[in-house]
1. For the pair A:H229 and A:Q334, what calculated FRET efficiency results from E = 1/(1 + (r/R0)^6), where r is the Cβ-Cβ distance and R0 = 25 Å, to the nearest 0.05?
2. So if we plug the beta-carbon distance of A:D133 and B:E124 into 1/(1 + (r/R0)^6) with R0 = 56 Å, what FRET efficiency do we get, rounded to 0.05?
3. Between helix A:63-75 and chain A, what is the angle of the helix's C-alpha long axis to the longest principal axis, kept within 0 to 90° and rounded to the nearest 10?
4. State the percentage of accessible surface on segment B:2-179 attributable to carbon and sulfur atoms; use a 1.4 Å probe and exclude ligands, DNA and RNA.
5. Quick one: putting +1 on the C-beta of Lys and Arg, -1 on the C-beta of Asp and Glu, what dipole do you get for segment A:3-246 around its Cα centre, in Debye to the nearest 20?
6. If I model a spin label as a point 7 Å beyond the Cα along the Cα-Cβ vector, how far apart are those points for A:A200 and A:T247 in nm?
7. Which of A:I69, A:I332, A:I173 moves the most in a Gaussian network model of chain A with Cα springs under 10 Å?
8. By its C-alpha gyration tensor, with a ≥ b ≥ c as the square roots of the eigenvalues, how is segment B:2-179 shaped: rounded for a/c under 1.5, else prolate for a/b larger than b/c, else oblate?
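The values are calculated or read from the model by the stated rules, or taken from the named source; none is laboratory data. What you see is a predicted model; the values in this text were computed from it and never measured. Note: ideal-geometry Cβ built from the backbone for every residue, glycine included; neighbour counts use all protein chains shown. Note: accessible area is taken over every heavy atom of the protein model, side chains too, but ligands, DNA and RNA are not part of it. Shrake-Rupley method; radii C 1.70, N 1.55, O 1.52, S 1.80 Å.
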Amino acid sequence: MNNTKNNQQMLEGSRAIALTIKNIGPAVISAYPITPQTHIVEDLAKFKADGEANYEYVRAESEFAAASIVLGASATGVRAYSATSSQGLLLMAEVIYNIAGMRLPIVMTCANRSISAPINIWNDQQDVMTIRDAGWILLFSENHQEAVNQHVMAFKLAEQLKLPVMVNVDGFIMTHTYEPVIIPSVEQIKKYLPDYRPEAGQYLDSASPATLGALATPAHYMEIRQELHEDLTASLKTIEREFKNFTGQGLIEYSGHKNPETILIAMGSVIGTIKETVGKSDKIGILKIKCFRPFPAEQILKIIKSAKNIAVIDKSISLGHIGTLASEIKAIAQGKIKANISSFIVGLGGRDITREMIKKIIKLANKKSDKAQFIGK
Amino acid sequence: MIQIRIHGRGGQGVVTAAELIAIAAFKSGKQAQAFPSFGVERTGAPVEAYARIDNNPIILREQIYQPNVLIIQDASLLDNFDMSKGADKKTIAIINTAKDKSNLNINLPKANVYTIDATKIAMEIIGKNIVNTVILGAFARITDLVSLDALKQAIAEKFAGHDELIAKNIKAVEQAYKNN
């Protein structure tokens with residue numbers, strides 16, 4: 001047997017993403033190369049330096065600048081990409097909101113990592129939650145292959161919907177792990193993802209003058225924000241269709257028992273460990289959320305409606321309340337389902353998430369609690 | 001599923017060793033995974049890295065708490081840490097040392113402990129005390145989890161563009177393979 005026959009390669013997560021971006025071929029890439037960053041932009045810079053890529057690679061003086069550079073590049077009507085993480089994303093926050101507000105189809109990778117203080121560069125998903133409400137499509141991937149596929153889809157979605165897309169990958173757990181993955185070739189990507197041709201008026205062009213990100217007074221601001229919200233919400237159908245077209249799967253994924261008593265819900269790489277923990281005979285289901293914004297409420301409700309207990313496993317918390325995803329599940333369940341919904345917090349700041357912890361969560365899932373339960377051991 | 005835990009010190013190429021095992025296992029037709037322990041990496045500080053090998057795709061992400069194989073790149077770690085933590089009766093350890101195995105402080109049956117003077121081979125062939133690839137030669141011979149050929153291919157892939165380094169490392173790996 002030879003694994004290379006099906007084009008699988010053994011790659012580090014960051015490299016898999018970098019090779020995919022190279023094959024997609026954005027016109028402009030900008031990033032700030034300091035911790036917390038990843039090998040993604042290091043590899044992309046090297047491809048350019050070695051003459052293997054045609055994009056403009058702009059090394060910025062800060063994350064704020066990197067985000068502003070891709071904003072500017074996208075505003076001229078070309079494909080633009082950046083990658084960031086943790087404090088870097090926080091520094092970009094102002095620009096992140098602007099990118100969505102200006103309807104620029106930028107794609108960004110967020111290698112999810114914790115937020116200071118205390119200083120900690122390890123994995124959790126608190127960083128992305130700081131821009132949860134910015135108007136971006138937020139995708140989450142469990143493994144290298146999902147990450148690679150989501151990046152290809154991200155450009156198609158962004159350009160079709162005129163909305164920015166962020167692909168989230170667990171920092172270290174995915175970015176620094178070697179596992180087999182298939183990288184789609186330039187030709188394969190070209191068949192799926194057409195060249196980017198923005199419409200007149202969508203970008204800065206003296207032949208067709210337009211203003212992006214202008215002042216909107218109280219007479220108009222609210223309608224413009226409402227439109228962004230409605231477009232983002234409506235984009236769910238397109239996202240679901242592209243997931244089906246490109247990966248043959250949906251934007252959520254259920255596995256486990258047919259009539260589960262308890263359903264565990266999570267996002268990202270922890271799903272693998274959860275699947276390994278749950279036995280086939282256990283009356284337990286596992287629900288993976290791949291699209292967090294827009295939030296696939298109906299799809300989720302359909303799956304969880306008959307369960308008795310729902311345990312939501314978060315790597316982020318709205319401090320002073322409960323886990324971020326748990327809060328969303330409680331909101332959509334309101335008046336629709338009667339299950340006991342509990343919030344479990346795991347893996348903050350890189351704490352290893354073990355099968356023992358998942359077993360503990362399964363045991364606690366049928367006990368009523370409205371508080372965030374921290375499972376650190 | 002085979003779980004391999006590698007112990008060494010920062011600067012000894014512990015993470016690279018795990019990656020080489022995963023690449024070589026993959027080239028041998030298996031599914032594999034490798035990742036570091038994501039510690040604060042300082043030269044000389046204890047470092048761990050992990051590799052898993054299986055016939056099916058590997059989805060488990062937790063660190064390795066029940067190793068089937070331990071690779072210990074620096075025997076001085078045995079004096080201060082319990083390297084065999086989580087090991088069972090079948091767990092084997094491959095240790096870089098010039099000492100006899102009866103003088104090593106490791107809580108495993110003696111028959112499960114293999115020693116190799118990787119430092120000596122590294123100094124002679126590579127000219128530097130970099131033992132991570134050398135010890136993998138012994139690993140391939142003792143465990144049969146990866147073939148020598150796949151290991152050589154993995155080294156060539158990992159160090160692509162550095163021909164002299166590849167040649168020296170392959171020579172050292174062959175030597176270690178022969179000695180065990």
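1. On the way: r = 19 Å, r/R0 = 0.77.
Efficiency at R0 = 25 Å is approximately 0.85.
2. Values: r = 62 Å, r/R0 = 1.10.
The pair A:D133/B:E124 has a calculated efficiency of 0.35.
3. 60
4. On the way: 3590 of 7640 Å².
Roughly 47 percent of what the probe reaches on segment B:2-179 is carbon or sulfur.
5. 440
6. 3.8
7. The residue with the greatest mean-square fluctuation here is A:I332.
8. Values: a/c = 1.37, a/b = 1.09, b/c = 1.26.
It is rounded, given that a/c, with a ≥ b ≥ c, falls under 1.5.
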